[in-house]
């Protein structure tokens, strides 16, 4: 189940896909579990509690205090977990535009959470990076 490791091929094939919902980060303090019915996009267990990344509407519906304002962009290329350079390349492209890149790596894809209000610009920057690398 290994993915792509060649940086040029990863960049050329990354095809960013913007999720339609605004995302947020919530926290369930301590060792509390995920509320029934909530399907998080991602979770991270930290000393302070369980961080939940999910659509803002789901966090509100379940009464979870959160910080919203994030767009979630999935890079559809199947990048390998040991691949080198992809995160640096797209983080640099977004940073040049003053956009953050909070990255969640799944087994098959990388997911970028960035500024919701500038989501179209972020996708455009990622598409330009893919085209630039193909030239």
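Laboratory data are not the source of any read-out in this text; all were calculated from the coordinates shown. Everything quoted here is computed from the prediction, not taken from an experiment. So basically every Cβ, Gly included, is an ideal-geometry build from the backbone, and we count neighbours across all protein chains shown.
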- Relative packing of 51-59, 89-97, which averages over residues the other C-beta atoms within 10 Å, highest first: 51-59, 89-97
- Calculated from DSSP H runs of 4 or more alone, at -39500 (n - 2.57) each and per residue, what is the 222 nm mean residue ellipticity of the chain, nearest 500? -8000 deg cm²/dmol
- Message: With angles folded into 0 to 90 degrees, how steeply does helix 119-134 sit against the dominant principal axis of the chain? Use alpha carbons for both and round to 10.
- Response: 30 degrees
- Query: Normalised by the number of residues in the chain, what is the relative contact order in percent for Cα pairs under 8 Å and 6+ residues apart?
  - Reply: 32 percent
- Angle between the Cα long axis of helix 86-95 and the longest principal axis of the chain, 0 to 90 degrees, nearest 10? 80 degrees
- Query: Of (i) 12, 45, 39, 5; (ii) 12, 40, 31, 15, 2; (iii) 11, 37, 29, 15, 6, 1, which one was derived for P(r) over Cα pairs in 10 Å bins from 0, in percent from the structure shown?
  - Reply: (ii)
- If one computes the Cα centroid of region 73-101 and of region 12-63, what distance in Å separates the two points? 20 Å
- Fraction of beta bridges assigned by DSSP in the chain that are antiparallel (%, nearest 5): 95 percent
